[in-house]
Amino acid sequence: MRERSGKRVFLSVGSNLEPQIHIPRALDLLLAHVRVTGVSTFYRTAPAGGRRQPDFANGVWRVETRLDAVRLKGDVLRAIEAELGRVRGGDRFADRTIDLDIVAYGDLVLRTPDLTLPDPDIRTRAFVALPLLELAPDLVLADTGEPLLAIAHGMSRAGMSILPELTERLRERIRR
């Protein structure tokens, strides 16, 4: 059932296996559960550590939901990943059809074995912080009180190239 209001939540989205297919499909599946209110610019990014893999497509979606963070991740995001063929193994940098993670959930601070909020990747990965900044320039990280603007200020877009067609396709889907 699609949520009409609730907490402001930000999801990081990534794929390096047919991202032009898997990212729009993930959005379609997500729309059945939450209200998607924003789509950041999507970027092509190189794999971490110079690994020999296809490039990734990365971006952020802003959603509203009444689902709690644990249910959103476990019942919705992981189910979408499974439906799209995501296989989780020991290599956190492995190729993936889709990767959906909660990076910020309202003012929630959470530390469990499966979920840390706000996501520490906000502070270290430009392909998370910069798209997030685009959707939430006023965001303050709930755990430290750091403004996202200050965190993202020193980050470089080097190695990130805009994917305008994918970005527009996704934005068009949420305008329907």
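The values are calculated or read from the model by the stated rules, or taken from the named source; none is laboratory data. From a predicted model like this one, the values you see are computed outputs, not experimental measurements. Backbone-built Cβ (ideal geometry, glycine too); neighbour counts: all protein chains shown.
Determine whether residue 127 is part of a loop (DSSP other than H, G, I, E, B) and either of a type in the set (Phe, Trp, Tyr) or crowded, with 21+ Cβ neighbours inside 10 Å (or both).
Answer is no for this residue.
Output the residues belonging to the range 157-176 that are part of a loop (DSSP other than H, G, I, E, B) and farther than 15 Å from residue 44 by Cβ.
Narrowing the range 157-176 to residues part of a loop (DSSP other than H, G, I, E, B): 157-159, 163, 176.
176, the sole residue that qualifies.
Could you identify the single residue in 101, 143, 138 that is among the acidic types (Asp, Glu), within 16 Å of the chain's Cα centre (by Cα) and outside any helix (DSSP H, G or I)? Even if it seems obvious, please write down each step before you answer.
On the way: 143 fails: within 16 Å of the chain's Cα centre (by Cα); 138 fails: within 16 Å of the chain's Cα centre (by Cα).
Only one candidate qualifies: 101.
Just name the residue that is nearest to residue 131 (Cα to Cα) out of those in the range 55-78 that are among the β-branched types (Val, Ile, Thr) and either surrounded by 24 or more Cβ atoms within 10 Å (Cβ to Cβ) or in contact with a Lys or Arg (Cβ under 8 Å, 6 or more places away or on another chain) (or both).
60
Picking from 150, 142, which residue would you name as being at pLDDT 95 or above, crowded, with 16+ Cβ neighbours inside 10 Å, over 29 Å from residue 21 (Cα atoms) and not polar (S, T, N, Q)? Steps first, answer last, please.
On the way: 150 fails: crowded, with 16+ Cβ neighbours inside 10 Å.
Checking each option against the conditions leaves just 142.
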All-but-one check, residue 120 against (1) over 17 Å from residue 73 (Cα atoms); (2) out of contact with any strand residue (DSSP E or B) (no Cβ under 7 Å at 6 or more places or on another chain), failing number (1)
